[in-house]
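Colleague: After the structure tokens below, expect a handful of questions from me.
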Amino acid sequence: MKVSVFILFALLTLNISMNAQSTSGRIDIMLTQQLADREMGGDTGGGTTEEMPKTRGAVLQAAYASLDNGVISVQFIQWLPFATVTITNEATDEVVYEQSYANPTDLSIDLTGEAGGDYTLEIVSGEMSLTGSFFLDF
């Protein structure tokens with residue numbers, strides 16, 4: 001009986017440890033929105049950052065992105081009629097991925113065949129533009 005309880009405990013501990021290892025490889029990609037996208041009234045010229053409206057609360061992004069074992073996951077929080085996702089190798093300026101989507105929700109982009117290095121992720125929809133950098137390492 002004691003041996004059975006010990007084996008059960010060991011298997012549960014091993015299972016918890018394996019789950020923790022499988023989720024530890026995920027890295028969030030910090031996406032930043034261009035300042036011109038936040039100007040009120042659609043006027044894009046002549047203003048400085050000091051003249052721009054101040055945000056007093058959290059600004060929700062339209063999308064969030066993460067990297068897990070060479071796969072980029074993009075989750076769209078805000079409804080967008082269309083979006084273009086572009087991934088560029090910063091060292092060579094080569095566009096390794098570009099795709100336009102209608103009504104995107106969740107995307108998975110597999111980059112396992114690409115060379116390691118610094119990359120830029122850009123999401124554009126209308127006048128909204130989100131950009132983030134990440135390092136791809138295999």
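Colleague: Show me the strands (runs of 3 or more DSSP E) found entirely inside segment 56-138 where at least 1 residues are of a type in the set (G, A, S) and closer than 14 Å to I27 by Cβ.
Modeller: Working: elements: 63-68, 71-76, 82-89, 94-102, 106-110, 117-125, 128-136.
In segment 56-138, the matching strands (runs of 3 or more DSSP E) lie at 63-68, 71-76, 128-136.
Colleague: Could you check segment 67-81 and list, in sequence order, the residues that are surrounded by 14 or more Cβ atoms within 10 Å (Cβ to Cβ) and either on the phi > 0 side of the Ramachandran plot or of a type outside the set (V, I, T) (or both)?
Modeller: L67, D68, G70, S73, F76, L80
Colleague: I'd like the full set of residues that are surrounded by 11 or more Cβ atoms within 10 Å (Cβ to Cβ), within 19 Å of A63 (Cβ to Cβ) and without any contact (Cβ under 8 Å) to a residue 24 or more places away in the chain, limited to segment 97-138.
Modeller: Y97, E98, Q99, S100, Y101
Colleague: Condition first: modelled with pLDDT of 75 or more and farther than 25 Å from V124 by Cα. Can you find one or more residues in segment 15-29 that meet it?
Modeller: Of segment 15-29, the ones modelled with pLDDT of 75 or more are 25-29.
After this cut, where a residue has to be farther than 25 Å from V124 by Cα as well, the list is 25.
Yes, some residue in segment 15-29 is modelled with pLDDT of 75 or more and farther than 25 Å from V124 by Cα.
The values are calculated or read from the model by the stated rules, or taken from the named source; none is laboratory data. Predicted model only: the values in this text are computed from it and were never measured. Here Cβ is always computed from backbone atoms with ideal geometry, including for glycine, and neighbour counts include all displayed protein chains.
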